[in-house]
Amino acid sequence: MSWQAYVDTNLVGSGKVSKAAILGLQGGVWASSPGYTLSTQEQQAVVAAFEKPDQALASGVRLAGQKYFVIQANGRSVYGKKQADGVILVKTNQAVLVAEYAAPIQAGEATPVVEGLADYLIGVGY
């Protein structure tokens, strides 16, 4: 399966994620939803959030120009909110899954979709 298919089918296709991207830990966008553009600075900040979760908690994360307040961060997952919308970032061995969800979808609906795909990718070496 192509990286784009993971975004289109597994993430956005789930109906629980509105926009998504897969970023390489070494840099670059492997795949993304149409029109969902993360600047190089935003991509670097996403990767850095896993290395310094306390800093992400203090300053939040910015994705496609929108700032999210980080409510939970650790070496595997970062969760953020902006009013009723949210973001889920999950690190695998070689990539970071970036998934945004919009109301009326709740974190409890979107999180298992993103975490499940991350578990699968880790299981196959990515």
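Data for the structure
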{"read-out": "Residues of the stretch 66-88 that turn out to be part of a strand (DSSP E or B) and of a type in the set (S, T, N, Q), as a count", "value": "3"}
{"read-out": "Criterion (surrounded by fewer than 19 Cβ atoms within 10 Å (Cβ to Cβ) and under 12 Å from residue 97 (Cβ atoms)) met by exactly one of 24, 35", "value": "24"}
{"read-out": "Condition broken by residue 43, with the remaining ones in (1) out of contact with any helix residue (DSSP H, G or I) (no Cβ under 9 Å at 6 or more places or on another chain); (2) polar (S, T, N, Q); (3) over 23 Å from residue 10 (Cβ atoms) satisfied", "value": "(3)"}
{"read-out": "Residues of the stretch 38-65 satisfying the condition of being open to solvent by less than 80 Å² (accessible area, probe 1.4 Å) and part of a strand (DSSP E or B)", "value": "61, 63"}
{"read-out": "The stretch 89-115, residues that are part of a strand (DSSP E or B) and acidic (Asp, Glu)", "value": "100"}
{"read-out": "Count of the stretch 116-126 residues which are part of a helix (DSSP H, G or I) and surrounded by fewer than 16 Cβ atoms within 10 Å (Cβ to Cβ)", "value": "4"}
{"read-out": "The stretch 4-15: number of residues that are open to solvent by 60 Å² or more (accessible area, probe 1.4 Å) and touching a Ser or Thr at 6+ places or on another chain (Cβ under 9 Å)", "value": "2"}
{"read-out": "Pairs with Cβ under 7 Å, 6+ apart, first in the stretch 20-31 and more than 17 Å from residue 88 (Cβ to Cβ) and modelled with pLDDT under 95, second part of a strand (DSSP E or B) and open to solvent by less than 10 Å² (accessible area, probe 1.4 Å)", "value": "none"}
{"read-out": "Qualifying residues in the stretch 92-104 (those that are within 16 Å of residue 10 (Cα to Cα) and touching a residue at least 40 places away in the same chain (Cβ under 8 Å)) - the one surrounded by the fewest Cβ atoms within 10 Å (Cβ to Cβ)", "value": "96"}
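The values are calculated or read from the model by the stated rules, or taken from the named source; none is laboratory data. Because the structure is a prediction, the values reported are computed rather than measured. As a convention, Cβ positions derive from the backbone with ideal geometry for all residues, glycine included, and neighbour counts pool all protein chains shown. We work out accessible area using only protein heavy atoms, side chains counted, and drop any ligands, DNA or RNA first. Shrake-Rupley method; radii C 1.70, N 1.55, O 1.52, S 1.80 Å.
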